[in-house]
Structures are given as C-alpha cells and as structure tokens.
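Q: There's a structure below that I have some questions on.
The values are calculated or read from the model by the stated rules, or taken from the named source; none is laboratory data. On a predicted model such as this, the values are computed, not experimentally measured, just so you know. Every residue, glycine among them, receives a Cβ derived from its backbone with ideal geometry; neighbour counts consider all protein chains shown. The area values use the complete protein model at the heavy-atom level, side chains included, leaving out ligands, DNA and RNA. Shrake-Rupley method; radii C 1.70, N 1.55, O 1.52, S 1.80 Å.
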Amino acid sequence: MANILTRFKDIMAANVNSMLDKMEDPEKMIDQYLRNMERDLSSVKAETAAVMAVESSAKRKVEECKEEISKMETYAKKALKAGNESDARLFLQKKETLTTKLQTLEKDCEIAVANSAKMREMHDKLADDIQKLSEKRTEIKTKLKIAKTTEKVNSMTSASGLNGNKSAFERMEEKANKMLDEANAKAELNTPKKDEVEDLMKKYNDENSDENKGSSAIDEELEKMKKELGL
C-alpha cells in the first residue's frame, strides 16, 4: 500500500495551469498531456479499485469477527442456563480471543479506509483535472491561433515592416514611371517631324480647288438659265 501511495503522490499536485505553463508548444502538447493524464487515470482507477477491495474485505472481517463474538456470548449464556459452567467458560475464552483479534482487525480496517479515501481523492482529483483540461482544450487552441495571427499581423504592420514594404512599393513605382517616360521619349524621337510649310501649301491648294469647282458649277447653271430664257 505504501508503494501505491508513493507511486501516485505527485498526482495530488497535478494542476491544469501549472501543466500549461510548462508546455513548450501548448497547441501540440495539450493533446499529449491529456493522453498521459488519461493513461495515469486508468492506472489510478485500477489501483483505487484494488485498495477499495481491501477496505471492503477489512470491513467484512470486522463484521464477521463481531458476529462470532456475539455468538460466543450467546452460547456462553445458553451453557450457563443449562448448568454447564465449564462450557460457558470455554465460550467466553473464545470470545476473549476474538475480542483481541477484533482490535487488530479494526486497526487494519481504519488503515484500509484511510488508504481507500486517499486513493479515491487522487482518482477524483485527476479525473477532475482531465475534465477541466478537456473543456478548455478548444478554448486554449483558439486563443493560441488568435495569438499567433495577432503576432503575425503585428510583425507585418510594425514600423520596420510597414515602412520596408512601403519603401519597396515606392521604388517599384519610381522604376515604372521612369520606364514609361523613357518609352514615351523613344516614341517621340521615332516619329518623323512634319513639314509645316508643306502642310500650309496643301491647305491653300485645297481651298483653291474648292473655289474653282464652285465657280465652274455656277457658270454652267447660268448658261443653262440663259438658254431657258432665250437670252
């Protein structure tokens, strides 16, 4: 029994918060801790059941011894009523022996009851911690994900990160503007220069051509009208 209590002495110190503090990577370790605790709980449950069985056996032995003592007393009275004092004496001697045995059994029973209580306490504490950790598992993992995302966003929007990205975009914009200006300049150089005098001459040539066409049409219409009028 001492070995059992020694083996599980640390279980009473188990604490969800302290375990989480020791986790190097809580998101990965929380499931492992639960598996370890559930394995410990299975072992503790088996040991607790064994200790509780010892307790039940000790209690039963005490009750059986008490029944034997009561029986010896009853037979002693019957022997006396029958006038057999020697038989009564034998029954009372047996009762005395059983009474001494009862004292030992009761002490053993007290120890068994105390050990059983300790084991049940350890079992219940471990089961309660597992339940709490199971309930907090989703909450803890969600908080960890939020923390990681927040940390990532903070690093992206920090002074150095934001300024660095902004500076990079500004350099790209400047390079694009430079390339566009160079392309426009090359296009302007490749376009042949117009002869302004030649264009001006063409303008007047076109105007003279329109005037001549107009005058010819008018002359034809005048001649036609003269003929109609007999002039």
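Q: Residue by residue, what Karplus-based ³J(HN,Hα) values in Hz, rounded to whole numbers, does region 62-67 have, using 6.51, -1.76 and 1.60 with θ = phi - 60° and x for Gly and Pro?
A: Once rounded to whole Hz, the list reads 4, 5, 5, 5, 5, 5.
Q: Could you work out the local net charge near Glu68, counting Lys and Arg as +1, Asp and Glu as -1, over the other residues with Cβ closer than 11 Å to its Cβ?
A: So the environment of Glu68 carries a net charge of +2.
Q: Mind checking the per residue accessible area of region 85-141 for me, 1.4 Å probe, whole number of Å²?
A: About 65 Å² of surface per residue is accessible.
Q: Related question: Quantify, in whole percent, the carbon and sulfur part of the accessible surface of region 85-152 (1.4 Å probe; protein heavy atoms only).
A: C and S atoms contribute 54 percent here.
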